[in-house]
Amino acid sequence: MSDLNATAAALLGLLHDGPATGGELVAAAEERFGTFFSVTRSQVYRELPALHKEGYVRLGKQGPRSSQQYVITAAGKKAFKGWLTSDSGPDHLRSPLILRVVNAGVLTPKQRANLFDAAKETYSAELNDARAAVRAATDPVEKAVAEFGQAHARAALKLVDALSSS
């Protein structure tokens, strides 16, 4: 396995598209990875100095309001390709909403019903967004990722339905 963590690898992958500031990387991650891999602002700003220290990125142009561009280096490209070709290990899904749903037994019936209703609303919206993404996809990888998003939202809705009817 590579010494890069998945967040660092995600940032290096985004920097293959060109120099970017931390804020631009957060926005690009949301756009490219959608709901299947979240990258928070705090993670980005924690990883960028570490990537710089390792020599995987260099500082680019200083932007407005002290924003700093980062540029991937040859070492960063090599590390990223190493990460891509290494064994990925187990895939872990982290969903605070699902964690709440599966632990809803400690709530009152009304609280549980509210939680399940909110979960259904959230995952129904995700399913609709994923359907739209499948229709809009122009490339096979983009379409496959959107279809994965559909399957995930359907599975979450099935879990919530099963738990809310028990």
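The values are calculated or read from the model by the stated rules, or taken from the named source; none is laboratory data. Everything quoted here is computed from the prediction, not taken from an experiment. So basically every Cβ, Gly included, is an ideal-geometry build from the backbone, and we count neighbours across all protein chains shown. The area values use the complete protein model at the heavy-atom level, side chains included, leaving out ligands, DNA and RNA. Shrake-Rupley method; radii C 1.70, N 1.55, O 1.52, S 1.80 Å.
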Please work out the average accessible area per residue across region 35-166, using the 1.4 Å probe convention, and give it in Å².
-> 70 Å²
Provide the packing ranking of 93-100, 80-87, i.e. peptides ordered by the mean count of other C-beta atoms within 10 Å per residue, highest first.
-> 80-87, 93-100
Provide Rg and Dmax in Å for region 42-152, with only Cα atoms included in the calculation.
-> 20.3, 57
Would you work out the charge dipole size for region 59-166 about its Cα centre, treating the Cβ of every Lys and Arg as +1 and the Cβ of every Asp and Glu as -1, and quote it to the nearest 20 debye?
-> 340 debye
Let me know the shape class of region 1-70, please: from the alpha-carbon gyration tensor, a ≥ b ≥ c as square roots of the eigenvalues, rounded when a/c is under 1.5, otherwise prolate if a/b is greater than b/c, or oblate.
-> oblate
With 0.36 nm assigned to each residue of separation and the Cα-Cα distance removed, Gln68 to Asp91 gains 5.1 nm
Charge dipole (debye, nearest 20) of region 87-129; +1 at Cβ of Lys and Arg, -1 at Cβ of Asp and Glu | 380 debye
Which shape class, rounded, prolate or oblate, goes with region 58-108 when its Cα gyration tensor gives a ≥ b ≥ c as root eigenvalues, a/c under 1.5 marks rounded, and past that a/b bigger than b/c marks prolate?
-> oblate
Whole-Å distance linking the alpha carbon centroid of region 41-85 with that of region 89-166 is 32 Å
Counting only protein heavy atoms and using a 1.4 Å probe, what share of the accessible area of region 1-92 belongs to carbon plus sulfur, as a whole percent?
-> 53 percent
The FRET efficiency for Ser165 and Asp139, from their Cβ-Cβ distance with R0 = 41 Å and rounded to 0.05, is 0.55
Express the relative contact order of region 1-98 as a whole percentage, based on alpha carbon pairs under 8 Å and six or more residues apart in sequence.
-> 36 percent
Nearest-0.05 FRET efficiency for Leu107 and Ala155, computed from C-beta distance (R0 30 Å) | 0.85
Using r as the Cβ-Cβ distance of Asp17 and Lys53, and R0 as 25 Å, what FRET efficiency do you calculate, to the nearest 0.05?
-> 0.65
Output the relative contact order of the chain, whole-number percent, from Cα pairs under 8 angstrom with separation of 6+ residues.
-> 20 percent
